[in-house]
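So the structure is just underneath, and the comments pick up after that.
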């Protein structure tokens, strides 16, 4: 009986971090999409006023879920005290990388969530993405209603990279190229997602595009957004995608080698106790 209970507890503890991240992702998805279900939009003020009340709550909830996921991960193989310390170092480093100048939408902040998430899994990647955006915003003064949305979107970059196969083993010669292509794709995905935090609240068309209005059905909404994205965001995201691809291609092999060496040395499995009596 004791053995069965301990095994059940162990299995539940292993899936707890993933469940917490799933809850956080559902929260983020709802935050991005809820304007499309409103019967009417604010008469003025745009996205800044619309998100002025919900953004602080979203930020607090996301930080809380990140901390709970990290603590839950300490009980199983996803996290150890040394890996938690490494997470803190990588968060600080990634926050500094965001300040590196670059053309168009380029930002070096996406490289580590991609590579670290790939090597350490979705939990680590999610936490690194979300917390590094928070720290960089606090350092650089970029705190505003857009912050929780940036945290969610960057966290998803790390989470999705952690779901790629081969991250825990690796070694393929094609690995850097495959990750570079993946990084380029995520550059476009990030931009497409981030537009949704303000696009429904635009009061007029931009560059000849249409905006969303309450009551618009799914396909007209998608068509209007695609026109808006191509006319405004696509070329900006191209710089981000190209920067991601180049940096990942150059850094993937040496960075992954260091990350895997550290993980193999300090990661361990918690095995449930078995009562043999």
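Each value in this text was obtained by applying a stated rule to the coordinates, not by laboratory testing. Quantities reported herein were computed from a predicted structural model and do not represent experimental measurements. As a convention, Cβ positions derive from the backbone with ideal geometry for all residues, glycine included, and neighbour counts pool all protein chains shown.
Brief remarks follow.
- With the simple model of a label 7 Å out from the Cα in the direction of the Cβ, residue 30 to residue 258 spans 4.0 nm.
- As a rough guide to protection, the peptides 229-239, 243-253, 31-41 ranked by mean Cβ packing within 10 Å, highest first, stand as 243-253, 229-239, 31-41.
- Placing one equal scatterer on every Cα of segment 51-188 and applying the Debye formula, the log10 ratio I(q)/I(0) at q = 0.09, 0.12, 0.17 Å⁻¹ is -0.26, -0.47, -0.92.
- Placing a pseudo-label 7 Å from each Cα along the Cα-to-Cβ vector at residue 216 and residue 169 gives an inter-label distance of 4.7 nm.
- Net length available on complete extension from residue 265 to residue 23 is 84.0 nm, with 0.36 nm assigned per residue and the Cα-Cα distance removed.
- Separation between Cα centres of segment 153-198 and segment 132-151, rounded to whole Å: 21
- The tail of the calculated P(r) for segment 127-255 beyond 26 Å holds 34 percent of all Cα-Cα pairs.
- Counting neighbouring Cβ atoms within 10 Å and putting the fewest first, the residues 89, 114, 181 line up as 89, 181, 114.
- Debye log10 I(q)/I(0) at q = 0.15 Å⁻¹ for segment 206-256, Cα point scatterers: -0.57
- Taking each residue as 0.36 nm, the span from residue 235 to residue 143 lengthens on full extension beyond its C-alpha to C-alpha distance by 30.6 nm.
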